[in-house]
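Novice: One structure, as C-alpha cells, below. Some questions next.
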C-alpha cells in the first residue's frame, strides 16, 4: 500500500459537528507518529463545511504525525491534502479513485461480506473496514452482525481488514486474533469521557499480538 496503515482507525461522525478537529486533537495527545489514522466521516456536512473540517483536521494530523482520510469525497480529500479517501461499498471504485488522487493515496473501502472484500481487492483498495463485527445500535436495522467467523473467512483473501462495529478496547484483541489487520472505532472513542485514554487503550489492545504480524 502507498502508506503504512496504522492498526487503529478512528472514524468521526456527525454528532461531533464543528468540534471534530478539537476532539481529534485531544484524542491524539501523546501518541507516537503513525499510530492511528483518522477518517473524516461527516455525512451531514455540506461541501464548504466538509472542506473546512478536512483542512482543520489536516493541520491536526500533520502536527501529530497521524494519517487523514476523507469519507467518499475525493474532491475534498484532494483539496485538503489528505492522505487518502475511504470509499463506501456503493461509491467510486478504488481504481477510479487512484486515477484521480494519484499513486500515493491510501484507499480504503467499506465491506460487509467476503464478496465485497474480493471486489475491493480486485479493484485496487489498500485496505477495507469489515463489519459490523459485533452488535452496534447504528447497524441493527440492517441485520445481525457478521461476527468473527466471517471476518476470518474474509481476511483469508489477503486484503488488510479493520474490524468495525461494536469494537472497543475490551474486544479489539479478539478481532485481531480472528484475522483482522487492526480495528476501526467510532463510539469507543467519540463517546468516551477521556478520548485520549480510550484511544491509547484501543491501540494497546489492537497491537497486543503484533508478534503474529499479518501482511
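Readers should treat all values here as calculations from the given coordinates under stated rules, not as data from a laboratory. In this text, all values refer to a predicted model and were calculated from it rather than measured experimentally. Neighbour counts are summed over all protein chains in view; Cβ atoms, including those assigned to glycine, are modelled from backbone coordinates with ideal geometry.
Novice: How big, in percent, is the set of alpha carbon pairs in segment 93-193 lying more than 18 Å apart?
Specialist: 47
Novice: What Kirkwood Rh does segment 35-129 have if only Cα atoms enter the pairwise 1/r average? Answer in Å. Show your work: numbers first, answer last.
Specialist: Values: mean 1/r = 0.0753 Å⁻¹.
Result for segment 35-129 stands at 13.3 Å.
Novice: In addition: How high is the relative contact order of the chain, in percent, with contacts defined as C-alpha pairs under 8 Å that are six or more residues apart?
Specialist: So the answer I get is 20 percent.
Novice: For residue 34 and residue 96, calculate 0.36 nm times their separation in residues minus their Cα-Cα distance, and state this gained length in nm to one decimal.
Specialist: Working: separation 62, 0.36 × 62 = 22.32 nm, distance 2.64 nm.
Extending this stretch completely gives an extra 19.7 nm.
Novice: Moving to a separate point now. Short version: what are the Cα gyration tensor semi-axes of the chain, square root of 5 times each eigenvalue, largest first, in whole Å? Before the final figure, lay out the partial values.
Specialist: Working: eigenvalues 106, 84, 55 Å².
After scaling each eigenvalue by five and taking roots: 23, 21, 17 Å.
Novice: In whole Å, how far is the Cα centre of segment 63-106 from that of segment 1-46?
Specialist: The two parts, judged by their Cα centres, are 14 Å apart.
Novice: Starting from 0.36 nm per residue, how many nanometres of slack lie between residue 63 and residue 4 once their C-alpha separation is accounted for? Write out the running numbers ahead of the final one.
Specialist: Details: separation 59, 0.36 × 59 = 21.24 nm, distance 1.77 nm.
Length gained, residue 63 through residue 4: 19.5 nm.
Novice: Then there is this: Place the peptides 120-132, 19-31 in order of packing, highest mean first, counting for every residue the other Cβ atoms within 10 Å and averaging per peptide. Numbers along the way, then the final one.
Specialist: Details: 120-132: 22.9, 19-31: 17.7.
Per-residue mean Cβ counts within 10 Å order the peptides as 120-132, 19-31.
Novice: Need the full-extension length gain, residue 18 to residue 46, defined as separation in residues times 0.36 nm minus the C-alpha distance. One decimal, nm. Working shown, then result.
Specialist: Values: separation 28, 0.36 × 28 = 10.08 nm, distance 1.22 nm.
Difference between extended and current length: 8.9 nm.
Novice: Right, something else. At what distance in nm do the modelled label points of residue 152 and residue 138 sit from each other, each positioned 7 Å from its Cα along Cα→Cβ?
Specialist: Output for this residue pair reads 2.8 nm.
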